[in-house]
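Inspection log for the structure reproduced underneath, given as structure tokens.
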Amino acid sequence: MSIVMAFLIGGLICLVGQLIMDLTPYKVTPAHILVGFVTGGAILSALGLYGPLVKIGGAGATIPISGFGHNLAQGTLEAVQAKGLLGAFSGGITAGAAGIAAAVIFGFTMAVLFNPRG
Amino acid sequence: MADNNKQAGPPKKPLTLAEQVKQQKQTYDQQAYQRLADSVKPRPRVVVNALNAFWIGGSISALAQVITLVFTSAGLNTRDAASATVIIMVFIGAFLTGLGIYDEIGKVAGAGSIIPITGFANSIVAPAMEYKREGFVFGVAARMFNIAGPVLVYGFIVSVLIGLIAYFLK
Amino acid sequence: MSAPKRVGQHTIQFANPPVIVATATVVGPKEGEGPLGNTFDMVIDDSYFGEETWEKAERKMLEEAVKMVIAKAQLKPQDIDYLLAGDLLNQTISANYAARSLGIPFLGLYGACSTMYEGMALAAMLIDGGFAHHVVAACSSHYDTAERQYRFPTEQGVQRPPTAQWTVTGAGAVLMAPAGNGPRITHATIGRVLDVGIKDPNDMGSAMAPAAVDTIVRHFQDTGRGPVDYDLIITGDLGRVGHEIATKLLGEQKYDVSKNYSDCGILIFDHERQDTHAGGSGCACSAVVFAGHLMGKLNDGTYKRILGVGTGALLSPTATQQGESIPGIGHGVVIEKL
């Protein structure tokens, strides 16, 4: 069941992104979509709106890049509770650390191992 | 179109350089031209694209959910399982990019393969591979963050702002 | 005071029309599979062409095309007075580096995708002016080098909009002489840079169409000719979008080109089968279609007189990112089999 919900929620988030790309002028590139979704996810999360989506959708809400924003926001909020002002700076990046490190390590490894095919 | 094919005697008043340039130019009303171009341009297939983004984005998410379930059943708590899933998904995205498969998925899926974290990995690996010929410092390492850099910059800015707001509202 | 070899305001009429003695083409695998695949001299089976980078592959294609055209004319590199060449890469490195190894006096050109026609017009002037005996005009483009310079890394998973065009991988070379067998260049109408305010770099057909139309109309006015005087009017790489716009714009000026107007970007790929959206583009697009397909048709008598208009979008990634619109240009050349 949770797999079906992940499919639906994840699919819907992507569908919204696709509509934004197709229905707005050409200037909206994939980079803009990623930036928009990460900040959007963080803001929705801080407002308490993304959490419920994660409850329903599981990976369907955490795997889209908006889930990364959610992760950053929640990490920050928790760290502010625990450590105060210092947490505002360290919390988000700490929470996102695993994903970022994985992206850098795997990104670098793949770049060393493979050549683009064109 | 000025009909300046035949020179019918000298002009009464010599034109200024700016006027000559203007007369030379075949000018188009930019808005009217844009309308003409828009009437000719093929539209993106909005419905087909949206459906493809939906099912492919959904499938990537469903796969991630399966991986999460495997991790939780192996005894990880929800948060660690989510982190581990992210790492696995980043690996999958990076690996498929290395194999030259992810861009083929992207042609069909559009946002369906950009928005999932696998797309974030793709946006890191694609330039890193591409610019390997420019060296490991200015090529791979510098170009790696072409798209991922802005994502991290704005993600961090927003998260710190959220933290500051939360701190001062407390 | 008027120049003896000019007609009308902007058109050159050559006194002794220079002859296109030989042409040579090298194309990539995708172009080889396209509808014109059998008109090319050489189809490479890998976009790296045995080199480490695509930039080197592009350069090698250009070198091969130039060497091939010289060999076809049974000449040696030292017989060539000038090499006029260009490409799309920053500082036209393909042409510069190819010229480095060829050792022919070299004039580098940049006309974006119109470079082949710019080169042919200049070569004809050099020859008819008596400044040269043998001139080679050549250019190249490569899908992967253009993609990484102008758009995204090739492995980035992005969707191309339906107006996007596919940069042709290939190189074309044309060898011209004052006399000999082959079609002749009788007229040239040099293009003006026209900007109609299009800013979308994925829609270059719309950006370039008015410049092509401007050149065609000026050519007709200068020469007193019309569409019926040509077996074929062919633009460089307007693609399907630009072709339709150009047809309409010419129609508005009372030139009916519905029967004999085509575009190299449409001819070179089968857009349904090859997923090339609005068609081909790049310097090599008009170059290899002219040097392969059109030369074949001129030599076998299918076409007696054609007006080719090489079209170029004079944009750069920097200008685009800074929000500048895309200027276009079109150089017209009349090629006639006398």
Discussion item. With the structure loaded, tell me whether A:Ala103 is among the aliphatic types (A, V, I, L, M), in a helix (DSSP H, G or I) and in contact (Cβ under 8 Å) with a residue 24 or more places away in the chain or whether it fails that test.
Written reply: no
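Of all residues in segment B:27-75 being assigned to a helix (DSSP H, G or I) and among the hydroxyl-bearing types (Ser, Thr, Tyr), which is nearest to the other protein chains (Cβ to nearest Cβ)?
Here is the first cut: in segment B:27-75, the ones assigned to a helix (DSSP H, G or I) are B:30-40, B:46-73.
Adding the requirement that they be among the hydroxyl-bearing types (Ser, Thr, Tyr) leaves B:33, B:39, B:59, B:61, B:68, B:72-73.
Values: B:Tyr33: 5, B:Ser39: 9, B:Ser59: 7, B:Ser61: 2, B:Thr68: 5, B:Thr72: 10, B:Ser73: 12 Å.
The selected residue is B:Ser61.
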Worksheet item: Would you pick out the residues in segment C:9-29 that are crowded, with 17+ Cβ neighbours inside 10 Å and either aromatic (Phe, Trp, Tyr) or at pLDDT below 95 (or both)?
Response: C:His10, C:Phe14
Worksheet item: Within segment A:25-42, which residues are of a type outside the set (A, V, I, L, M), over 14 Å from the mean Cα position of the chain (by Cα) and more than 7 Å from every other protein chain (Cβ to nearest Cβ)?
Response: A:Pro25, A:Lys27, A:Thr29
Practice prompt. Could you tell me which numbered condition A:Phe89 fails, if it satisfies all but one of (1) at the interface with another protein chain (Cβ under 7 Å from one of its Cβ atoms); (2) not in a helix (DSSP H, G or I)?
Written response: (2)
Worksheet item: (1) assigned to a helix (DSSP H, G or I); (2) more than 7 Å from chain B (Cβ to nearest Cβ); (3) more than 12 Å from the chain's Cα centre (by Cα): which one isn't true of A:Val80, the others all being true?
Response: (2)
Item to complete: Kindly check whether there is at least one residue in segment A:9-24 that is within 8 Å of chain B (Cβ to nearest Cβ), part of a loop (DSSP other than H, G, I, E, B) and not basic (Lys, Arg).
Response: no
Item to complete: Pairs only if they're at least six apart or on different chains, beta carbon under 7 angstrom, first in segment C:47-72 and hydrophobic (A, V, I, L, M, F, W, C) and modelled with pLDDT of 95 or more, second surrounded by fewer than 24 Cβ atoms within 10 Å (Cβ to Cβ) and in a helix (DSSP H, G or I); list them, first residue then second.
Response: C:Phe49/C:Lys60; C:Trp54/C:Asp144; C:Val66/C:Leu102; C:Ile70/C:Pro77
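Across segment A:84-118, what is the total count of residues that are surrounded by fewer than 15 Cβ atoms within 10 Å (Cβ to Cβ) and over 22 Å from B:Phe120 (Cβ atoms)? Even if it seems obvious, please write down each step before you answer.
Here is the first cut: in segment A:84-118, the ones surrounded by fewer than 15 Cβ atoms within 10 Å (Cβ to Cβ) are A:84-86, A:97, A:101, A:105, A:112-113.
Then keep just the ones that are over 22 Å from B:Phe120 (Cβ atoms); that gives A:84-86.
Total meeting the criteria: 3.
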Response to the item:
(1) surrounded by 24 or more Cβ atoms within 10 Å (Cβ to Cβ); (2) farther than 18 Å from C:Phe49 by Cβ; (3) touching a helix residue (DSSP H, G or I) at 6+ places or on another chain (Cβ under 9 Å) all hold for C:Leu109 apart from (1)
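I need the helices (runs of 4 or more DSSP H) fully contained in segment B:87-170, keeping only those with at least 1 residues that are more than 7 Å from every other protein chain (Cβ to nearest Cβ).
Working: elements: B:102-109, B:111-114, B:117-130, B:145-169.
Hits in segment B:87-170: B:102-109, B:117-130, B:145-169.
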Worksheet item: Which one is nearest to C:Thr167 (Cα to Cα), of the residues in segment C:211-264 that are under 21 Å from the mean Cα position of the chain (by Cα) and charged (D, E, K, R)?
Response: C:Asp237
Worksheet item: Which of the residues belonging to segment C:167-199 are assigned to a loop (DSSP other than H, G, I, E, B), under 19 Å from the mean Cα position of the chain (by Cα) and of a type in the set (S, T, N, Q)?
Response: C:Thr169
Practice prompt. Just one of (1) surrounded by fewer than 22 Cβ atoms within 10 Å (Cβ to Cβ); (2) among the hydroxyl-bearing types (Ser, Thr, Tyr); (3) in a helix (DSSP H, G or I); (4) in contact (Cβ under 8 Å) with a residue 60 or more places away in the chain trips up C:Ser286, so point out which.
Written response: (1)
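The values are calculated or read from the model by the stated rules, or taken from the named source; none is laboratory data. These figures come from a predicted structure and were not determined experimentally. As a convention, Cβ positions derive from the backbone with ideal geometry for all residues, glycine included, and neighbour counts pool all protein chains shown.
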